[in-house]
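Peer 1: There's a structure below that I have some questions on.
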Amino acid sequence: LGENSRYSLAIKSSDRRALQWFDVEPSEAYGRTPVVVRMKDNAGLDFDSGVKQVQFSVAAYVLTKEGEKLEVSSSDVVVNILDANDNSPIFSQPSYTFSVPENLPIGSQIAEIKATDNDSGDFGKVSYSLRGFGINKFSTDPVNGNIYLTSKLDYEKQKSYSLSLEARDGGGKVSTVSVLVVLTDVNDNPPAWESNQYQRTVREGATSFQPQFSLRALDSDNDGRSQITYKILTSNSDVLEVDEETGEVRIVSPVSSSHTSRGQYEMVVRAFDDGTPPLHSDVPVFVRVGVPGNQRPVFRGVPYNVTIPETSETGDVVVAVRATDPDGPDTAVHYKIANGADNFQINQTSGVISVAPAAILDP
């Protein structure tokens, strides 16, 4: 083989991209030579961008006596581009935050989050699943990624939930995004009285309570910062008044056992919160005219039913009981176990019952 059999090889195409993507080897040859078309640069060669096929020719050139390149032969080449799962699902945001009221009905849609996948066919089909703390409260549609409420919310118990939404394409590629669900407080709890009723005894002709006599209600909404307002709903006399802001009960004029048929002032006091709409609860109040000191303490919340494991150890707290004294300050009440002290002991000032030393709890 001599110079007469020498020729050059090159890609020929009207599409400049074919010249960017492909190359031919060798670039010069003699006689019969195997020719290889190779990928030179795959930038932009993307099935999902619409490049399904590339056509070009491999041309052979010789030099004329005048030194010009002359095409003497060519062969058409068709390259079919096959799709590959080369894209992961993409969310439009790095994270999502949604605010919902705590009284949102079960079944309500909380969020609509979608991920896109540039792959085609099954590779581009995305399915969704939910992970993280609080998934027992929420669910997601596996097809469209919408998030729904499946269980009742309560701001006072849990103020937010941190979730992860997972998007998986048909080829197994996975992307996740954080989803924060923040609850907003709703006025759904009426004020709760510290006692289910209030009692006090005062002497005939008294003009004030000694010590101070106050009613108190608490509201768990608004993180316990709600303003409580107190008002007398019903009363069998106008001798008593209640401070709207503090709940203090005051004597307006000297008390007398003759003012009422039973020698006792009775009223119902209502506590309002400042929510929208305002909620309320009522409590009975009894003020007896007589000799202070002869009224028995009254236990709150009776009866007390408690279950403890037989493996409880000495000093483990069982329950705290509390009693009020209709005659005066509750701090003057002392506690003692009437029976059953073999296994349990009580703090005489706080009312806390605990497991006693050497207790036998095995039934």
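Every number here is computed from the coordinates shown, using simple stated rules; none is lab data. The structure presented is a predicted model; accordingly, all values stated were derived computationally and were not measured. Cβ: placed from backbone, ideal geometry, glycine included. Neighbour counts: every protein chain shown.
Peer 1: Against the empirical 2.2 N^0.38 Å scaling, what ratio does the C-alpha Rg of the range 228-363 come to?
Peer 2: On the way: Rg = 20.4 Å, N = 136, 2.2 N^0.38 = 14.2 Å.
Compared with the compact-globule rule of thumb, the range 228-363 sits at 1.43.
Peer 1: So what's the chain giving for Cα Rg divided by 2.2 N^0.38 Å, two decimals? If you can, show how the numbers build up before the last one.
Peer 2: Details: Rg = 42.7 Å, N = 363, 2.2 N^0.38 = 20.7 Å.
Computed over Cα atoms of the chain, the ratio equals 2.06.
Peer 1: Something else about it: Between Leu233 and Asn144, what is the spin-label point distance in nm, taking each point 7 Å from the Cα along the Cα→C-beta axis?
Peer 2: 4.7 nm
Peer 1: Given springs between every Cα pair under 10 Å in a Gaussian network model of the chain, which of Gly107, Gly67, Gly132 has the largest fluctuation?
Peer 2: Evaluated over the chain, the most mobile residue of the options is Gly67.
Peer 1: By a straight-distance test (C-alpha under 25 Å), which lysines pair with Lys157 as possible cross-link partners, with residues fewer than eight away in the same chain excluded?
Peer 2: Lys137
Peer 1: While we're on this one: Quick one: Debye curve from the alpha-carbon atoms of the range 103-150 only, equal weights, vacuum; give me log10 I(q)/I(0) at q = 0.31 Å⁻¹ to two decimals.
Peer 2: Treating every Cα as an identical point scatterer, log10 I(q)/I(0) equals -1.16.
Peer 1: Continuing with the same structure: Please pull out the direction-averaged projected area of the range 296-363, using the convex hull of its alpha-carbon atoms, in nm² to one decimal place. Kindly include the intermediate steps, with their values, before the conclusion.
Peer 2: On the way: hull surface 19.2 nm².
Orientation-averaged projected area of the Cα hull: 4.8 nm².
Peer 1: Extent of the range 17-117 along each principal axis, from alpha carbon coordinates, in Å, largest to smallest?
Peer 2: Here the Cα extents, ordered largest to smallest, are 91, 21, 16 Å.
Peer 1: So, one more: Given the range 1-50, report the % of alpha carbon pairs whose separation exceeds 13 Å.
Peer 2: On the way: 779 of 1225 pairs.
When all Cα pairs of the range 1-50 are counted, 64 percent exceed 13 Å.
Peer 1: Counting other C-beta atoms within 10 Å, and keeping those with at most 10, which DSSP coil trypsin sites (Lys or Arg not before Pro) do you find in the range 43-85? Write out the running numbers ahead of the final one.
Peer 2: On the way: sites: Lys52, Lys65, Lys69; in loops: Lys52, Lys65.
Those that pass, being in a loop and sparsely packed, are Lys65.
Peer 1: Arranged from highest to lowest average of other beta-carbon atoms within 10 Å per residue, in what order do the peptides 297-304, 37-44 appear?
Peer 2: Values: 297-304: 12.9, 37-44: 11.1.
The peptides rank, most packed first, as 297-304, 37-44.
Peer 1: Starting from the amide H of Asn236, placed 1.01 Å from N in the peptide plane, find each other amide H under 5 Å away whose residue is 5 or more places distant or on another chain.
Peer 2: For Asn236, the qualifying residues are Glu266.
Peer 1: Just want the answer: with Cβ charges of +1 for Lys and Arg and -1 for Asp and Glu, which residue in Gln345, Val333, Gly315 is farthest toward the dipole's positive end in the range 296-363?
Peer 2: It is Val333, whose Cα lies furthest towards the positive end.
Peer 1: Cα-based Rg (one decimal) and Dmax (whole number) for the range 234-300, in Å?
Peer 2: Every Cα atom of the range 234-300 included, Rg and Dmax give 14.2, 44 Å.
Peer 1: In terms of the ratio Rg/(2.2 N^0.38 Å) built on C-alpha atoms, what value belongs to the range 74-211? If you can, show how the numbers build up before the last one.
Peer 2: Numbers: Rg = 27.7 Å, N = 138, 2.2 N^0.38 = 14.3 Å.
So the range 74-211 has a normalised radius of gyration of 1.93.
Peer 1: With each run of n ≥ 4 DSSP H residues scored as -39500 (n - 2.57), what mean residue ellipticity at 222 nm is computed for the chain after dividing by its residue count and rounding to the nearest 500 deg cm²/dmol? Walk me through the intermediate numbers first.
Peer 2: Working: 1 runs with 6 residues, N = 363.
So the calculated ellipticity at 222 nm is -500 deg cm²/dmol.
Peer 1: Evaluate E = 1/(1 + (r/R0)^6) for Lys125 and Gln55, where r is the Cβ-Cβ distance and R0 equals 25 Å; express this FRET efficiency to the nearest 0.05. All intermediate terms of the calculation are to be shown ahead of the outcome.
Peer 2: Values: r = 30 Å, r/R0 = 1.21.
It comes to 0.25.
Peer 1: What is the log10 of I(q)/I(0) for the range 143-249, computed with the Debye formula using one identical point scatterer on each Cα and no solvent, at q = 0.15 Å⁻¹?
Peer 2: The Cα Debye sum returns log10 ratios of -0.82.
Peer 1: Please build a GNM for the chain, connecting alpha carbons under 10 Å apart, and tell me which residue among Val143, Val51, Val179 fluctuates the most.
Peer 2: Val51
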